[in-house]
1. Looking only at residues in segment 35-69 that are open to solvent by less than 30 Å² (accessible area, probe 1.4 Å) and assigned to a helix (DSSP H, G or I), which one is nearest to the ligand (Cβ to nearest atom)?
2. Output the residue which, of all residues in segment 1-18 that are more than 16 Å from the ligand (Cβ to nearest atom) and open to solvent by less than 20 Å² (accessible area, probe 1.4 Å), is nearest to Tyr161 (Cα to Cα).
3. Name the residues in segment 163-198 that are outside any helix (DSSP H, G or I) and without any contact (Cβ under 8 Å) to a residue 40 or more places away in the chain, would you?
4. If we scan segment 103-116, do we find a residue that is open to solvent by less than 30 Å² (accessible area, probe 1.4 Å) and in contact with a Pro (Cβ under 6 Å, 6 or more places away or on another chain)?
5. Checking Val139 against (1) farther than 23 Å from Thr106 by Cβ; (2) over 17 Å from the mean Cα position of the chain (by Cα), only one condition comes out false. Which one?
6. When you scan segment 25-34, how many residues do you find that are open to solvent by less than 10 Å² (accessible area, probe 1.4 Å) and in a loop (DSSP other than H, G, I, E, B)?
7. Of Gly103, Gly117, Gly131, which residue is farther than 20 Å from Pro165 by Cβ and within 16 Å of the ligand (Cβ to nearest atom)?
8. Tell me whether segment 178-187 contains one or more residues that are within 12 Å of the ligand (Cβ to nearest atom) and open to solvent by less than 20 Å² (accessible area, probe 1.4 Å).
Amino acid sequence: MAGRRLVAVLTIEKSEDAVPLARAMIKGGIRAIEITFRTEKAFECIREIIVNVPEALVGAGTVISKEQLFKAQDLGCSFVVSPGATVSLLEAADELSIPLLPGISTVSEIMCAMEYGYNDFKFFPAELAGGMPFLKSLVALFPSAMFCPTGGIGVHNISDYLGLPNVLAIGGSWIAPAALIRDKHWLKIEELAREAATLCGD
Ligand code: 3PG
């Protein structure tokens, strides 16, 4: 993530779409992409992107089990993102050689993950789980903690989130809507990526 303030969250149904989609991200100025483990083709998509789009920093998202953590590592991912933070997942991640960005949406989850040495978190689902007021209230409680809000982020609120002192980066799927992927509208997706990257200063 170093220096990157935007993570594109991509859910890809067809493996043939993986490389054009990743290229659209790169052309639009987005390097960090999270491929969610929500589709049957996710593993294949990750393999295709790592081989064919080496400029991309590829992570696995929606990782909820120990098996998926190690699968992401075996696929060659550079990072793993989980929507929540269970004790068993945090314990398993100790054996990983790639970083995990654990998801949190409560104070207790942050405290638990901090016990395992984490300081950087995905805040998910950001807009539903308290949004900016929640993040602001965390500054005094956890001065060292940094967050990557996702869930309900878009061009309308990027700048507000990135303006908070404890926001490291933001993420979201609006850059690659399912309908545009289905229509293989790579140029439109590239434009959305460029708009987002510009707003984030990436
Ligand atoms: C995620 O997994 O981070 C979310 O699906 C992203 O949320 P969004 O679809 O509201 O951007």
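The values are calculated or read from the model by the stated rules, or taken from the named source; none is laboratory data. In this text, all values refer to a predicted model and were calculated from it rather than measured experimentally. Heads up, the Cβs are rebuilt from the backbone with ideal geometry, glycines too, and the neighbour counts pull from every protein chain shown. Ligands, DNA and RNA are excluded from the accessible area calculation, which covers all protein heavy atoms including side chains. Shrake-Rupley method; radii C 1.70, N 1.55, O 1.52, S 1.80 Å.
1. Result: Ala42.
2. Ala18
3. Gly163, Leu164, Pro165, Asn166, Val167, Trp174, Pro177, Asp183, His185
4. Yes, there is a match, as at least one residue in segment 103-116 is open to solvent by less than 30 Å² (accessible area, probe 1.4 Å) and in contact with a Pro (Cβ under 6 Å, 6 or more places away or on another chain).
5. The single condition Val139 does not satisfy is (1).
6. Kept after step one, since they are open to solvent by less than 10 Å² (accessible area, probe 1.4 Å), are these residues of segment 25-34: 25, 28, 30, 32-34.
With in a loop (DSSP other than H, G, I, E, B) added as a condition, the list becomes 30.
Of the residues in segment 25-34, 1 are open to solvent by less than 10 Å² (accessible area, probe 1.4 Å) and in a loop (DSSP other than H, G, I, E, B).
7. Gly103
8. Within segment 178-187 (the criterion being within 12 Å of the ligand (Cβ to nearest atom) and open to solvent by less than 20 Å² (accessible area, probe 1.4 Å)), the answer is no, since none of the residues qualifies.
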